[in-house]
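One structure is given here, and the rest of the page talks about it.
The values are calculated or read from the model by the stated rules, or taken from the named source; none is laboratory data. Everything quoted here is computed from the prediction, not taken from an experiment. Every residue, glycine as well, gets a Cβ built from its backbone with ideal geometry; the counts of neighbours run over all protein chains shown.
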Amino acid sequence: MDIAPGAWRLAAVPALAALPAVFLFAPAGVALAALAVAVVAFHRDPPRPAGAGVVSPADGTVSVVREEDGRVRVGVYMSPLSVHVNRAPLPGRVTGVEHVPGAYRPAFSKDSERNERLRIHGDGPAGEWTAVLIAGWFARRIHPYAEAGDDLARGERVGHISFGSRADVVMPADVTRADLAVATGDEVRAGETLARR
């Protein structure tokens, strides 16, 4: 299984601290070693085949289904146990990558609408879409892989968020609520269909 970029560097800190700690206070050394393993597991990046239509950008629970500015938006809350590598909801060319500074509220709360985020705008055969990667209260590191001008396949990796958060899709203009294959509370996996086209 692949690991998201940067995970080994993050895991190295508790791993290196575990070595002396195990001789000074064994439980602390074991806890630090377990933390290093957990960091690597958190950043796992399993292969995912992409479904048809608009696919989920993340593993997790559908927490947002609403219309805004005439477009349908679906948000997926990622728990600490979810895979946090995010994927393109549709094929197309990246027309812009926009970082928006903000707060760090829990990603499952309404206050998360003000959180730091990264918007990846795409345009392809299905129309214009946006993937929005939203940081949570503990997740303060959004790592984009996509850049303006990149051509993406449906389900291709576009970035990852370290340590919990949310990923939303702003659907193409012609997608309606009736096209959705999911509802609030549904469990989804990255690459699974959110809306039929």
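Quick check on the range 135-148. Is at least one of its residues over 16 Å from VAL64 (Cα atoms) and of a type in the set (Asp, Glu)? Yes, the range 135-148 contains a residue that is over 16 Å from VAL64 (Cα atoms) and of a type in the set (Asp, Glu). Given the criteria at pLDDT 95 or above and closer than 13 Å to VAL94 by Cα, does VAL170 qualify? Answer is no for this residue.
Looking only at residues in the range 98-115 that are under 20 Å from VAL158 (Cβ atoms) and surrounded by fewer than 20 Cβ atoms within 10 Å (Cβ to Cβ), the one that is modelled with the lowest pLDDT is GLY102.
Let's see how each residue does on (1) out of contact with any strand residue (DSSP E or B) (no Cβ under 6 Å at 6 or more places or on another chain); (2) free of Cβ contacts under 8 Å to residues at least 40 places away in the same chain; (3) outside the structural domain of VAL170 (by TED's automatic domain parsing):
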| site | (1), (2), (3) |
| --- | --- |
| LEU35 | yes, yes, yes |
| VAL39 | yes, yes, yes |
| ASP69 | yes, yes, no |
| MET78 | no, no, no |
| LEU81 | yes, yes, no |
| GLY92 | no, no, no |
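Per the conditions (1) over 24 Å from ILE161 (Cβ atoms); (2) touching a helix residue (DSSP H, G or I) at 6+ places or on another chain (Cβ under 6 Å), the sole criterion not satisfied by GLU67 is (2).
The requirement of being out of contact with any Cys (no Cβ under 6 Å at 6 or more places or on another chain), assigned by TED's automatic domain parsing to the domain that holds ARG117 and free of Cβ contacts under 8 Å to residues at least 12 places away in the same chain is fulfilled nowhere in the range 12-33; no residue meets it. The residues of the range 131-164 that are modelled with pLDDT under 85 and of a type in the set (D, E, K, R), listed by number, are ARG140, ARG141. Residue count for the range 149-178 satisfying the condition of being touching a residue at least 24 places away in the same chain (Cβ under 8 Å), surrounded by fewer than 16 Cβ atoms within 10 Å (Cβ to Cβ) and not in a strand (DSSP E or B): 7. Here the range 37-69 is the region considered, the condition is being aliphatic (A, V, I, L, M) and under 19 Å from GLY6 (Cβ atoms), and the residue that is farthest from the chain's Cα centre (by Cα) is VAL37.
Check the range 5-12 and report whether any residue there is among the aliphatic types (A, V, I, L, M), more than 22 Å from MET78 (Cα to Cα) and in contact with a Leu (Cβ under 8 Å, 6 or more places away or on another chain). No. If only residues of the range 179-190 that are outside any loop (DSSP other than H, G, I, E, B) and closer than 12 Å to VAL76 by Cβ are counted, the one that is farthest from the chain's Cα centre (by Cα) is GLU187. One residue stands out in the range 70-84 among those that are of a type in the set (Val, Ile, Thr) and more than 9 Å from the chain's Cα centre (by Cα): the one that is nearest to GLY191 (Cα to Cα), namely VAL74.
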